[in-house]
Structures are given as structure tokens and as C-alpha cells.
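S.K.: Mind looking over this structure? Questions follow.
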Amino acid sequence: MIRFGPAGVPLSSPSPSTKDGIITCAKLGLKAMEVEFVHGVKIQLSAAKECYSIARDLDIKLSIHAPYYINLCSPKQYVLKNSFRHISQSIEVGHYLKAKPIVIHSGFYLNQSSETCTKLIKQQYKNLIDYAKNNNFEFLLGPELTGKNSAYGTLEELTELASFFGIEQLIPVLDFAHYHARISRLKTKDDYKKILDFCEKKLGQEFSKNLHIHFSGIEYSDKGEKKHLPVSSNSPPYKPLLEVLKEGGYGGVVICESPLLEKDALILQKQYEKI
């Protein structure tokens with residue numbers, strides 16, 4: 001089963017609160033929502049507990065996007081300290097929201113090699129996992145496939161991390177718009193299937209049953225992504241992906257990051273249901 005939902009509170013929600021966002025998703029017939037902590041974790045734990053209860057009763061699966069002010073590749077200790085704070089706060093709130101995964105932009109190369117960054121990032125993710133375990137927090141870290149050439153997070157880098165930590169602790173978030181902008185233009189069912197087959201070969205069938213996908217249209221340059229577009233841009237095309245997900249029996253969540261949010265999430269869901 002694939003669930004669909006918006007990246008953040010739906011635009012049609014009566015207020016920008018997480019609570020109203022969850023209720024609006026349910027009214028629209030969507031089954032997921034990503035809680036966006038773009039500029040910082042700004043929700044009380046009591047509110048998080050209430051939102052979990054509402055999401056559970058309405059059958060809405062929650063995930064979290066950690067703040068953007070993160071660079072786990074940085075050689076500067078204060079940057080690493082602030083990055084840890086943002087992600088650890090997301091983990092704590094995620095525990096009470098029962099939100100999985102915690103989607104994370106891992107960082108930027110800063111003229112360092114992929115190997116150097118991988119070593120740095122492994123240590124930072126280990127610290128975060130230790131923090132979660134020491135506090136008995138339920139968690140799942142979700143480093144995201146990134147759309148800029150300067151950003152850490154290729155498919156190979158993320159599957160290496162997931163193989164190292166195990167997908168019960170860390171799972172790659174597949175952003176196909178980012179892949180389209182940065183790595184290779186996606187056009188056909190086979191283009192999507194190759195990516196999913198690569199991940200399953202590296203991480204096993206359990207990964208394919210619990211996918212966390214981001215999708216939108218995207219504008220790009222030779223440096224990678226520039227901005228997100230509605231899915232109607234067909235850049236990349238959404239129908240081939242949905243056909244692969246349906247025909248392959250994949251499970252998980254597709255979060256729509258289009259600027260049209262719930263409108264495009266519903267387009268994706270309805271197209272998936274037609275297949």
C-alpha cells in the first residue's frame with residue numbers, strides 16, 4: 001500500500017497548525033502528512049502528543065522534515081553542534097508524534113571528498129542514534145537524496161549509510177525530483193525501476209515495503225535543482241513512477257513537495273488508484 005500526502009500543512013487548512021493540517025488531510029482523503037520544521041522545531045510536546053492521537057484516530061501517517069540549517073559534513077564544531085541540536089529536537093518531537101522517518105538534508109561537501117564527508121556523517125549519525133537510544137526515543141533517520149551537485153546525498157552515498165546502520169535505524173528518502181535534476185533525467189518506467197531495484201539489491205525487500213518518497217516537478221540547471229514545480233510540469237513525469245509502484249507492489253509513503261501541496265498530492269493519489 002502506498003499512502004500520499006503533502007509536505008506540510010495543506011494550503012486549504014483553516015490554520016497553519018499541525019493539528020488542523022492532519023484533520024484537513026483526513027477530510028481530503030489523504031493518508032499521510034510530513035510535518036515541516038524548516039526554520040526550527042516549534043511545537044510543544046503536549047501538542048505533539050495530541051497530534052499523534054488525532055493522526056492515529058484518523059489513520060494519517062506522519063513523518064518529519066528536520067530544519068534546513070544542518071551540515072553534518074562541516075569541519076566547524078559549532079555547526080555540528082547546532083546541526084545535532086536541530087536533529088535531536090526533531091527526534092524528540094518525532095517520538096511523541098510517532099513520526100517516521102525524520103527527513104534530513106545531511107549537508108554540503110565544502111570542497112571535501114565524498115569519502116571524507118561519509119566518515120564525518122557516519123560519526124554524526126552514530127551520535128544521533130546513541131542520543132535516541134539513550135533517551136528511549138522511537139526513531140528512524142531519513143537522509144534525503146539531494147538535488148544540488150554541492151550537497152551530500154547521492155543514491156550510492158545514502159545506500160552505503162543505510163547498509164552501515166541498518167534500515168531499522170536509517171533509511172534513504174528517495175526524492176525523484178532531486179534525482180532528475182542532479183543525477184539523470186527520468187523519463188520511463190525503466191528509469192524509475194532501476195533506482196528501486198538498486199536500492200532493493202543493496203537494502204533488501206523490507207526497504208521496498210517501507211519506501212519514503214518525495215515527489216514534485218522541478219526546475220534545474222547544470223548545478224542541479226533550482227525550484228520545485230507542480231507535477232503537471234512533467235519534469236520528471238509522475239505516471240511512470242506510479243505505475244512502477246503499483247505494479248511492483250511497493251509499500252510506503254509518497255510526500256508531494258509541489259508548491260500546490262494537497263492538490264498535487266491528490267492528483268498523484270487518484271492516478272495511482274486508477275492503475
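The values are calculated or read from the model by the stated rules, or taken from the named source; none is laboratory data. None of the values given here were measured: they were computed from a predicted structure. Note: ideal-geometry Cβ built from the backbone for every residue, glycine included; neighbour counts use all protein chains shown.
S.K.: Considering each of LYS201, LYS246 in turn, give the residue that is of a type in the set (Lys, Arg), within 18 Å of VAL173 (Cα to Cα) and at pLDDT 95 or above.
M.R.: On the way: LYS246 fails: within 18 Å of VAL173 (Cα to Cα).
Exactly one of LYS201, LYS246 is of a type in the set (Lys, Arg), within 18 Å of VAL173 (Cα to Cα) and at pLDDT 95 or above, namely LYS201.
S.K.: On the given criteria, is PHE137 of a type in the set (Phe, Trp, Tyr), out of contact with any Phe, Trp or Tyr (no Cβ under 6 Å at 6 or more places or on another chain) and part of a helix (DSSP H, G or I)? Let's see the steps before the verdict.
M.R.: Working: of a type in the set (Phe, Trp, Tyr): yes; out of contact with any Phe, Trp or Tyr (no Cβ under 6 Å at 6 or more places or on another chain): yes; part of a helix (DSSP H, G or I): no.
Here the answer is no, as PHE137 does not meet what is asked.
S.K.: Would you call PHE139 hydrophobic (A, V, I, L, M, F, W, C), closer than 22 Å to ALA162 by Cβ and under 16 Å from the mean Cα position of the chain (by Cα)?
M.R.: Details: hydrophobic (A, V, I, L, M, F, W, C): yes; closer than 22 Å to ALA162 by Cβ: yes; under 16 Å from the mean Cα position of the chain (by Cα): yes.
When the stated conditions are applied, PHE139 passes them.
S.K.: A further question on this structure: Which condition from (1) assigned to a helix (DSSP H, G or I); (2) crowded, with 22+ Cβ neighbours inside 10 Å; (3) out of contact with any helix residue (DSSP H, G or I) (no Cβ under 7 Å at 6 or more places or on another chain) is the one that ILE87 breaks?
M.R.: The single condition ILE87 does not satisfy is (3).
S.K.: Is it the case, given these coordinates, that ASN210 is surrounded by fewer than 20 Cβ atoms within 10 Å (Cβ to Cβ) and within 15 Å of the chain's Cα centre (by Cα)?
M.R.: On the way: surrounded by fewer than 20 Cβ atoms within 10 Å (Cβ to Cβ): yes; within 15 Å of the chain's Cα centre (by Cα): yes.
Yes: the conditions hold for ASN210.
S.K.: Still on this structure, please answer the following. Quick one: which residue in LYS49, LYS100 is closer than 30 Å to ALA26 by Cβ, crowded, with 16+ Cβ neighbours inside 10 Å and in contact (Cβ under 8 Å) with a residue 12 or more places away in the chain? Outline the logic, then answer.
M.R.: Working: LYS49 fails: crowded, with 16+ Cβ neighbours inside 10 Å.
The conditions single out LYS100.
S.K.: Just checking, which of ALA177, ALA132, ALA181 is of a type in the set (Gly, Ala, Ser), in contact (Cβ under 8 Å) with a residue 60 or more places away in the chain and in a helix (DSSP H, G or I)? Even if it seems obvious, please write down each step before you answer.
M.R.: Working: ALA132 fails: in contact (Cβ under 8 Å) with a residue 60 or more places away in the chain; ALA181 fails: in contact (Cβ under 8 Å) with a residue 60 or more places away in the chain.
Going through ALA177, ALA132, ALA181 in turn, the sole match is ALA177.
S.K.: Sticking with this one: Given (1) surrounded by fewer than 22 Cβ atoms within 10 Å (Cβ to Cβ); (2) out of contact with any Pro (no Cβ under 9 Å at 6 or more places or on another chain); (3) under 20 Å from GLU273 (Cα atoms); (4) of a type outside the set (Asp, Glu), where does SER221 come up short, assuming only one miss?
M.R.: (3)
S.K.: Of all residues in the range 113-167, count the ones that are surrounded by 14 or more Cβ atoms within 10 Å (Cβ to Cβ), out of contact with any helix residue (DSSP H, G or I) (no Cβ under 6 Å at 6 or more places or on another chain) and of a type in the set (Phe, Trp, Tyr).
M.R.: Result for the range 113-167: 2.
S.K.: Condition first: more than 27 Å from LYS209 (Cβ to Cβ) and of a type in the set (Val, Ile, Thr). Can you find one or more residues in the range 79-98 that meet it?
M.R.: yes
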